[in-house]
Amino acid sequence: MKKKKNKKIKIKSYPILILFFILSSIYLIKSILLFEKIETTLRYIIISILTIIDLYLLFNSLKSNKKNHIIKSFSFIIISFLFIYTGYNLNKIYSYFSKLNKNIIYSTSIVSLTKNENIDLNNLKGKNIGINEFEVHSLSKELINKYNFKENNTIKNYDGYHEMIIDLYNNNLDLIIIPTNYEDIFSNEEFSNLSKDLKILDTIKYEEVKKETIDTSNIEDSFTILLIGIDSVKDGLENADSFNGDSLVLLTVNTKTLTATMLSIPRDSYIPIACFKNNIENKITHAAANGTQCVIDTLQNYFDIDINYYVKINFTGIVKLVDTLNGILVDVPYNLCEQNSKRQFGKNMVYIEKGLQTLNGEQALALARNRKSNKEYCSSKWTSGYRSDFKRIENQQKIIEAIFKKIKSLSSISDLENLLSVISNNIDTNMSEKTIFSFYDIGKEVLLKSNSNTPLTINKLFLDGTGQMIYDERTKMVLWDYIINQESKKAVTKAMKDNLEGIQEEQIKEFTYKEDENYEKKIIGKGYNNTETYKLVENLVGKNLDYANKWAKENGIRLKIEYTANSNKKIGTIIEQNYKEHKRIDLIEDNTLTIKVVGNTNKTVIQKIDCLENENNDICTLKNFEGKTKNDYLEWANSFSNTIDTNFIYEESEKEKETIISQSEKDKSVKEIIENRSTITIIIAK
């Protein structure tokens, strides 16, 4: 009886094993189907073979020879588990790619100075609280409502975070509401000790599940990618929609012509920021504090080029990435010392010697960050050699090239998984998995078209320019800015547009060659001199009135002179001015600079502008005064020293008395009006 029972079990278990085999193959098929656009033909061949085997087993399972059940069952078990193992690993690899497109996580905190103790948010009274009125979410308002701050406190609106932090330091504010990762965003030459000086009192997060994502399997023949390097003290990209845009690289790629352009944009580039009030110029790195879209919009507006994709890379992830690769080989240009990945100096400094070196993760990050000598922390051995933002860009490109070379040497699945794990944690993009996999076919096609070891011809572009110290309206500090040469910008923009349109650069067919001279291909955008810088306010304090009048005339500025006797200085000496040194002259309100001068009376004198000599001055252009008052027009007409003929005509109107209904001329220069002997006719409501 026992033998019969055992025999029945064997007969029944065989179909179950076949079902298990079929289910495991279906699991593998589903896993293979995830990788859309990758080796499509091969994938469907494998899927077809698996499907045929499944169908064959399904219809022939009961006809099999019972004597072979044990051997077949054993084979089915092994193959089934192999299918499951393969499918599991394919799903795992796919999950790494799906993590590349991260949800936007906004996180905002209430912050105070560390020295301020016993702050009870639930019973806050008489405090000044700063918020950014232009934030892209409403978390500040949620925190204000949570604690009912409006009840007994003053809420002050700012158009950014820098000025807010400064006012907190200066005790003009008691609390500020800023992004939780403020240390990553603002820790630089402006704010060097935020982690110790500030403390978080409460935090609120909002995860925006819907992010604008490019989901397509059809990549265009030409496209642009913006690479954004984030210098964070933490591994991963949590809360990284607001960040410190430490490195920006704009790529244009044309798969038909097999050409690409690569433009590294200096972090201090002084350009109009799309999300700042009135698109005011500022460092491009400051745009990143307002999120990824602000950076993209700013660069699209500036270069007049659509940016299709972006990839954000956390530099701190380089530490794990390089260590996972067991180091990378880099030719280090100079001896250097740099803070570690946690931005710690002193005993935590990272030291690297000049020459071809195998760098570990900490060393690779130190080289990627280095742009200063750090003489205050290191001996002369480590501080010689030219350092700059441009040198740092070169170092970062070396590290990226070294990483790609090392990735080619990976030989095991475990190494690949470790690599993908680090990458997926430290990269964010607006591309879906489908879009990412679509680049596989493009890369394969490029390699097949290429007849050389280098698949793409990459033309490096360069933004030429010069440095200028400018008073920053937002930080209330004088900062070093990189003023871009406009001719260089035009050349770079043309090169990018030409590449996208498939217009190839005309090659030089003949050139003179000398054995003792190195031939270098011209870099587009480089070699442009005479960059036009901004006219800035000079420090007039301590100088005399004659000097100030001469300076004002040369720069088309009106001087409002207030005399005061309350000083021990010599009569005629300037003791105060209302605008600080290095402020842009074109941002001075009403084009008027007020100075206090030592004199015997308290009278005020306004030195007017001569519009025949300063015709390009903003004041010297007749604007549209319709809808404004007669006094508005007269105030403008009295702001310059020249006289223009004006005929005022009063008419009955429904408009308010003294309102200007119409004017005979608009947008004409005062010089043109005077030279043409024109009369301005102004119709005014009675």
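Every number here is computed from the coordinates shown, using simple stated rules; none is lab data. None of these values were measured; they are calculated from a predicted model. When we count neighbours, we look across all protein chains shown, and the Cβ atoms used for this are built from the backbone with ideal geometry, even at glycine.
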Over the range 77-165, volume per residue of the alpha carbon convex hull, in Å³ = 188
Mind checking the full-extension length gain between residue 677 and residue 305? Use 0.36 nm per residue of separation minus the Cα-Cα distance, one decimal, nm.
-> 129.4 nm
Amide H neighbours of residue 280 at under 5 Å, excluding residues fewer than 5 places away on the same chain, with H built from the backbone geometry, are 273
Could you state the angle between the C-alpha long axis of helix 40-60 and the longest principal axis of the C-alpha atoms of the chain, as a value from 0 to 90 degrees rounded to the nearest 10?
-> 30
Shape descriptor, the range 104-208: equivalent ellipsoid semi-axes (Cα gyration tensor, sqrt 5λ, whole Å, largest first) stand at 19, 17, 13
Helix 433-449 sits at what angle to the longest principal axis of the chain, using alpha carbons and giving 0 to 90 degrees rounded to 10?
-> 80
What list of ³J(HN,Hα) couplings, whole Hz, do you get for the range 578-587 from phi and the Karplus terms 6.51, -1.76, 1.60, once you set θ to phi - 60° and write x for glycine and proline?
-> 7, 10, 6, 4, 6, 6, 5, 5, 5, 9
Would you mind giving the average projected area, over all directions, of the Cα convex hull of the range 105-145 in nm² with one decimal?
-> 3.8
Sparse-neighbourhood loop sites, GluC sites (Glu not before Pro) in the range 364-449 - DSSP loop, at most 10 other Cβ within 10 angstrom | 376
Under-5 Å amide H pairs with residue 460, H placed in peptide plane, nonlocal only = 262
HN-Hα J in Hz across the range 103-108 - Karplus 6.51, -1.76, 1.60, θ = phi - 60°, x for Gly and Pro | 5, 6, 10, 8, 9, 10
What number comes out for the charge environment of residue 600, summing +1 per Lys or Arg and -1 per Asp or Glu over other residues with Cβ under 15 Å away?
-> +3
How large is the charge dipole for the range 618-685, taken about the Cα centre, if only the Cβ atoms of Lys, Arg (+1) and Asp, Glu (-1) carry charge, to the nearest 20 debye?
-> 160
The exposure ranking of 137, 582, 162, 286, fewest beta-carbon neighbours within 10 Å first, is 137, 582, 162, 286
Which distance in nm do the two modelled labels at residue 490 and residue 205 give, with both placed 7 Å along the Cα-to-Cβ direction?
-> 5.0
Would you pull out the residues with amide H under 5 Å of residue 662's amide H, same chain only if 5 or more places away, H placed 1.01 Å from N?
-> 683
Length gained if residue 39 through residue 503 is fully extended, taking 0.36 nm per residue and subtracting the Cα-Cα distance, is 163.9 nm
What are the aspartates and glutamates whose alpha-carbon lies under 16 Å from the alpha-carbon of residue 522, with same-chain residues fewer than 8 places away excluded?
-> 464, 487, 505, 506, 510
When the Karplus curve 6.51 cos²θ - 1.76 cosθ + 1.60 is applied with θ = phi - 60°, which whole-Hz ³J(HN,Hα) does each residue of the range 92-97 get, with x for Gly and Pro?
-> 5, 4, 4, 4, 5, 5
Tilt of helix 389-407 relative to the longest C-alpha principal axis of the chain, in degrees (0 to 90, nearest 10)?
-> 10
Two-decimal ratio, the range 269-378, of alpha-carbon radius of gyration to 2.2 N^0.38 Å | 1.35
Cα-only radius of gyration and Dmax that characterise the range 316-419, units Å | 14.0, 46
State which entries of 199/535; 102/398; 150/630; 342/535; 535/668; 342/408 exceed 32 angstrom in Cα-Cα distance in the structure shown.
-> 199/535; 150/630; 342/535
Would you kindly state how much longer the chain becomes between residue 654 and residue 220 on full extension, computed as 0.36 nm times their sequence separation minus their alpha carbon distance, in nm to one decimal?
-> 150.4 nm
Alpha-carbon Rg with Dmax, taken over the chain, Å = 34.0, 129
Of the listed peptides 38-50, 256-268, what is their order by residue-averaged count of other C-beta atoms within 10 Å, with the highest listed first?
-> 256-268, 38-50
Along the positive direction of the dipole of the chain (beta-carbon charges: Lys, Arg +1; Asp, Glu -1; about the Cα centre), which of 395, 595, 577 reaches farthest?
-> 395
For the range 545-607, convex hull volume per residue from C-alpha positions, Å³ | 82
Cα centroid separation - the range 279-313 against the range 83-126, whole Å | 23
Identify the residues of the range 527-563 with backbone N under 20 Å of a label point that sits 7 angstrom from the Cα of residue 575 along the Cα-to-Cβ direction, or state none.
-> 539-549, 560-563
Show that you can apply the helix-only estimate: for the chain, add -39,500 (n - 2.57) for every DSSP H stretch of four or more residues, divide by all residues, and state [θ] at 222 nm to the nearest 500.
-> -10500 deg cm²/dmol
